[in-house]
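Structure first, commentary second.
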Amino acid sequence: MDDKYIANNILNAQRIGKQWYPHDLYTELRARPTLTWLEPEGFDPFWAIVKHADIKEISTQPDKFLNGPRTIVSSRADDKLQSAAPRMLINMDPPEHRSYRKFVNAWFVPRNIKKLEDRMRRSAKDLVDMMASSGTWSGDFVFDIAAIHPVRLITHLFDLPDSEEGRLIEIANQTFGTDDPEFQTGERTDANLLKLLMQTMKYFNDLLVARKKNPGEDLASAIATAEIDGKPIGQMEAIGYYFIILTAGHETTRTAMAGGMHQLLQNPAELRKLKENPDLVEFAVEEMIRWTSPVSQFGRTAVEDYELRGKTIKAGQSVCLFYGAANRDEEIWEDPFAFRVDRDPNPHLGFGIGEHFCLGASLARLEMNVFFEEFIKRVDVDSIEQTGDVEYSSTFFVGGVKHLPMQCRIVKKAA
């Protein structure tokens, strides 16, 4: 494959929704001894970073590779929309990033995440009970199950009523589905995209005003009343915090759950192995995250000339960290294109690494673990099957399986 073909397809494969990752292109790039400079039509050029070790090297040197200038590698047209979005953790650099992350860290450490397990367990049981109530359950796993489970925790963290679940899912869909007609309310124009962004910002600003006026014990209040160096954080930074917790916290978990279920359907021997050995759920969840890699890429900008894999990344040039490519690196995993529920070790980069390691990683793992624990112990593995074509979201950033029609029988709870 020539570089021009790779450049014009490595991001657009996901945008048209025909598949998720272009693994043929990733494999070609990983096999090359040096980095590849790509110049896609309509995009500013970048170095493609596809090896596990290279992403790790770049991500653990935030002083040499900045987030801020180009957080996501998007088209020149979409770069305008990025510039209009509120400032968030993902586009902050040290020391500012550490200051903004510090005041919510306590909410996401494992010991406090553990306190949320009962609520997540209840959500998982309720969803599995719902599936059991109809005898043979038939539905879209993504919209009926995977989208619901994580949003319930977000409404709890923000102390929002259950009635807000639908609106929060809509915001997440529209945020990451800017190229997907199913999730947009009109023609994809700069004006319409900006309008949607403004509506979302108003929603979170209303929440911010309410929590400033009457703060509680919830995460939304903690952000609204946060201070750095004795000064309240800015309005746009607070809105950005709400925005990233919802969108990243919901969409990534939904996608990993959906893609994970799809792989269980595609690999019945692995499904049966998990049914017979439920203690493997924790390992299976890690494999689901590796396999789906819900965040497809992030951009970084070199501060100074940097030598990597025989090439010089010049100061000011962009690199694109392709996590889906790194998570199939043949140097890290034996048979990386096989889905194995007992894969161990599994040092995937599904949550990133270094300064910007996912703040909600423990929470995402908990949500997925409790759901698949409840599901696997009650599902009749002989009954489960996919009933239609899987569909993928049209996006170049966060996404994956968008529709997964399936059916199964769930054992009802003992009386």
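The values are calculated or read from the model by the stated rules, or taken from the named source; none is laboratory data. All of these numbers come straight from a predicted model, not from anything done at the bench. Heads up, the Cβs are rebuilt from the backbone with ideal geometry, glycines too, and the neighbour counts pull from every protein chain shown. For the accessible areas, the whole protein counts, side chains as well, though only heavy atoms, and no ligand, DNA or RNA atoms are used. Shrake-Rupley method; radii C 1.70, N 1.55, O 1.52, S 1.80 Å.
Miscellaneous remarks
- Test: residue in the stretch 133-141 that is touching a Lys or Arg at 6+ places or on another chain (Cβ under 6 Å) and either assigned to a helix (DSSP H, G or I) or surrounded by fewer than 16 Cβ atoms within 10 Å (Cβ to Cβ) (or both): yes
- The single condition from (1) modelled with pLDDT under 95; (2) under 24 Å from residue 144 (Cα atoms); (3) touching a strand residue (DSSP E or B) at 6+ places or on another chain (Cβ under 9 Å) that residue 383 fails is (1).
- One residue stands out in the stretch 399-415 among those that are surrounded by fewer than 22 Cβ atoms within 10 Å (Cβ to Cβ) and under 25 Å from the mean Cα position of the chain (by Cα): the one that is modelled with the highest pLDDT, namely 405.
- Residue in the stretch 85-95 that is part of a helix (DSSP H, G or I) and surrounded by fewer than 17 Cβ atoms within 10 Å (Cβ to Cβ) present: no
- Among the candidates 227, 237, 217, residue that is within 22 Å of the chain's Cα centre (by Cα) and either open to solvent by 10 Å² or more (accessible area, probe 1.4 Å) or farther than 30 Å from residue 285 by Cβ (or both): 237
- Selected residue (only one of 253, 301 is farther than 26 Å from residue 367 by Cβ, of a type in the set (Ser, Thr, Tyr) and in contact with a Pro (Cβ under 9 Å, 6 or more places away or on another chain)): 301
- For the stretch 300-328, filtering for residues that are open to solvent by 30 Å² or more (accessible area, probe 1.4 Å) and under 30 Å from residue 286 (Cβ atoms) leaves 1.
- Residue within the stretch 246-261 that is buried (at least 18 other Cβ atoms within 10 Å of the Cβ), over 18 Å from the mean Cα position of the chain (by Cα) and either assigned to a loop (DSSP other than H, G, I, E, B) or of a type in the set (A, V, I, L, M) (or both) present: no
- Matching residues, the stretch 264-291, being open to solvent by 10 Å² or more (accessible area, probe 1.4 Å) and under 22 Å from residue 362 (Cα atoms): 278, 279, 280, 282, 283, 286, 291
- Test result for residue 73, in contact with a strand residue (DSSP E or B) (Cβ under 7 Å, 6 or more places away or on another chain), part of a helix (DSSP H, G or I), under 24 Å from residue 172 (Cβ atoms) and in contact (Cβ under 8 Å) with a residue 60 or more places away in the chain: no
- Selection count, the stretch 346-364, where residues are crowded, with 16+ Cβ neighbours inside 10 Å, over 13 Å from the mean Cα position of the chain (by Cα) and in a loop (DSSP other than H, G, I, E, B): 3
- Restricting 389, 382, 342 to residues that are open to solvent by 20 Å² or more (accessible area, probe 1.4 Å), in contact with a helix residue (DSSP H, G or I) (Cβ under 6 Å, 6 or more places away or on another chain) and not in a helix (DSSP H, G or I) narrows the list to 342.
- Filter pass, residue 79 being modelled with pLDDT under 95, touching a Lys or Arg at 6+ places or on another chain (Cβ under 9 Å), surrounded by fewer than 19 Cβ atoms within 10 Å (Cβ to Cβ) and not in a loop (DSSP other than H, G, I, E, B): yes
- Any chance residue 367 is touching a helix residue (DSSP H, G or I) at 6+ places or on another chain (Cβ under 8 Å), open to solvent by 20 Å² or more (accessible area, probe 1.4 Å), modelled with pLDDT of 95 or more and assigned to a helix (DSSP H, G or I): no
- Count of the stretch 142-162 residues which are charged (D, E, K, R) and open to solvent by 70 Å² or more (accessible area, probe 1.4 Å): 2
- Here the stretch 282-321 is the region considered, the condition is being assigned to a strand (DSSP E or B) and of a type in the set (Lys, Arg), and the residue that is nearest to residue 43 (Cα to Cα) is 300.
- Long-range neighbours under 7 Å by Cβ, at least six apart or interchain, first residue more than 18 Å from residue 365 (Cα to Cα) within the stretch 117-136, second of a type in the set (Gly, Ala, Ser): 136/383
- Residue check, residue 140 of a type in the set (D, E, K, R) and touching a strand residue (DSSP E or B) at 6+ places or on another chain (Cβ under 7 Å): yes
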